[in-house]
Structures are given as C-alpha cells and as structure tokens.
Amino acid sequence: MTPIGEHFGIDLYWLPLGAGGNFVRMNGRIYEAIKARLDRRPVCALYHSALQVFVPEGRYVIENTPVIDERGRERGVVMEGPIGAHWVGHFRIFRYELRRWHEGVIADIGEAVDSPHRLSSDLRDARRLLELVPQMPVLVWGRDELGAGEMWNSNSMVSWLIELPWV
C-alpha cells in the first residue's frame, strides 16, 4: 500500500532491451544489426519501456514481457498476445504478456536509463491508465497490424496507454 501523503501518478522507465535476460538481448541485437544494415545506418541501442502507477491502493507495474509460465495471474497478467505471427502464439515461447501487477516489480529496474520520468501526478490520470490496461488491443508483437508505420512492441503498448488518458 502507498502510505498516506505519498505521491500519486505515473512514472515511465527506459530499460535496455533484454537487460533481464540473454534470450531477448541476443534476439534484439540480431534484429537491430540486420535492420540497421538494411536501412544503411549505424546500429542503435534498443530500449524497453515500463510504467509504475501510484494510487491510494498501492503501486502497480505496467509492463510487457515474454510469457514465462502459466502463473500469469500472480503477476497481474491481463492479456497475452502472439510474437511474430498469430499461429506461433500457440507456443508459450512465442507469446508476450501485459501485466498490471499490484505491488509488482520491474526485474531490471536497476539498469534503467535516465529514469523515472514523471508523466503525471494526477490521481485521475493514474486511475484512468489502470482502467485502460485490459482494453489494450491484442496485436502481434513485431508486426504493424494497425498500419502505423512501426511494429507493435512494449513501447507501442506504453505509448497507447499514456496517450489515451488525455484523449
């Protein structure tokens, strides 16, 4: 629980992609190396975003991660989606989960870069964002199913959430 008098609001964290594990880190580096070469540009560092939301009931972690087991409810998982293609989503290794985890943790928060960024100190914004998490579209991670010009990933999901409370 957040003690009375504590701040309320939304904090954004930027985490190096794969900071919490070698599989994601390796695949991210391979992807970025290929994409940079195809685009004829230097290789860039890749980042994953996550949120912490503070309300009177406590702190919530909003994060998109690979599915690690069938105990998602314990981590506040509100939805799962496929990675790469719809048909491979039948296999756990090709699914991501979106968490709204009460008193949860961001495993690699110690590696966050220039974080946190306070997005809002308004309790109404924090509550609205928490309400929106289960309404997130279930799209294929790594694809541009919305035609937005960018693939759907953890940063897309956080962008979707932080833009909507003010619409």
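The values are calculated or read from the model by the stated rules, or taken from the named source; none is laboratory data. Keep in mind the model is a prediction, meaning the values are calculated, not measured. Note: ideal-geometry Cβ built from the backbone for every residue, glycine included; neighbour counts use all protein chains shown.
Residues considered: Tyr96, Tyr60. Of these, the only one that is at pLDDT 85 or above, buried (at least 17 other Cβ atoms within 10 Å of the Cβ) and touching a His at 6+ places or on another chain (Cβ under 6 Å) is Tyr60.
Got a sec? Which of Leu146, Leu130 is modelled with pLDDT under 90, more than 21 Å from Pro66 (Cβ to Cβ) and of a type in the set (A, V, I, L, M, F, W, C)?
Numbers: Leu130 fails: modelled with pLDDT under 90.
Checking each option against the conditions leaves just Leu146.
Is one or more of the residues making up region 21-43 surrounded by 15 or more Cβ atoms within 10 Å (Cβ to Cβ), in contact with a helix residue (DSSP H, G or I) (Cβ under 7 Å, 6 or more places away or on another chain) and at pLDDT below 90? Quick ask: steps written out before the conclusion?
Quick first cut of region 21-43, residues surrounded by 15 or more Cβ atoms within 10 Å (Cβ to Cβ) only: 24-25, 28-29, 32.
This time we only want the ones that are in contact with a helix residue (DSSP H, G or I) (Cβ under 7 Å, 6 or more places away or on another chain), so: none.
Checked against the condition, which is being surrounded by 15 or more Cβ atoms within 10 Å (Cβ to Cβ), in contact with a helix residue (DSSP H, G or I) (Cβ under 7 Å, 6 or more places away or on another chain) and at pLDDT below 90, region 21-43 yields no hits at all.
Note on region 105-127: residues that are of a type outside the set (A, V, I, L, M), within 15 Å of Ser154 (Cβ to Cβ) and modelled with pLDDT of 90 or more amount to 1. The combined condition, being within 21 Å of Ser156 (Cβ to Cβ) and either among the acidic types (Asp, Glu) or under 15 Å from the mean Cα position of the chain (by Cα) (or both), is not fulfilled by Ala36.
For region 112-130, taking the residues that are loosely packed, with under 15 Cβ neighbours inside 10 Å and acidic (Asp, Glu), the one that is farthest from Leu46 (Cα to Cα) is identified as Asp122.
Is there a residue being out of contact with any Ser or Thr (no Cβ under 9 Å at 6 or more places or on another chain), within 27 Å of Ile83 (Cα to Cα), free of Cβ contacts under 8 Å to residues at least 24 places away in the same chain and not in a loop (DSSP other than H, G, I, E, B) anywhere in region 117-136?
Taking region 117-136 first, the residues out of contact with any Ser or Thr (no Cβ under 9 Å at 6 or more places or on another chain) are 117-125, 127-128, 130-136.
Then keep just the ones that are within 27 Å of Ile83 (Cα to Cα); that gives 130-136.
Restricting the remaining residues to those that are free of Cβ contacts under 8 Å to residues at least 24 places away in the same chain gives 131, 135.
Then drop every residue that is not not in a loop (DSSP other than H, G, I, E, B), which leaves 131, 135.
Yes, that holds for at least one residue.
Of the numbered conditions (1) over 21 Å from Ser159 (Cβ atoms); (2) surrounded by 12 or more Cβ atoms within 10 Å (Cβ to Cβ); (3) over 16 Å from the mean Cα position of the chain (by Cα), Phe54 satisfies every one except a single condition; which is it? Going through the list (1) over 21 Å from Ser159 (Cβ atoms); (2) surrounded by 12 or more Cβ atoms within 10 Å (Cβ to Cβ); (3) over 16 Å from the mean Cα position of the chain (by Cα), Phe54 breaks only (1).
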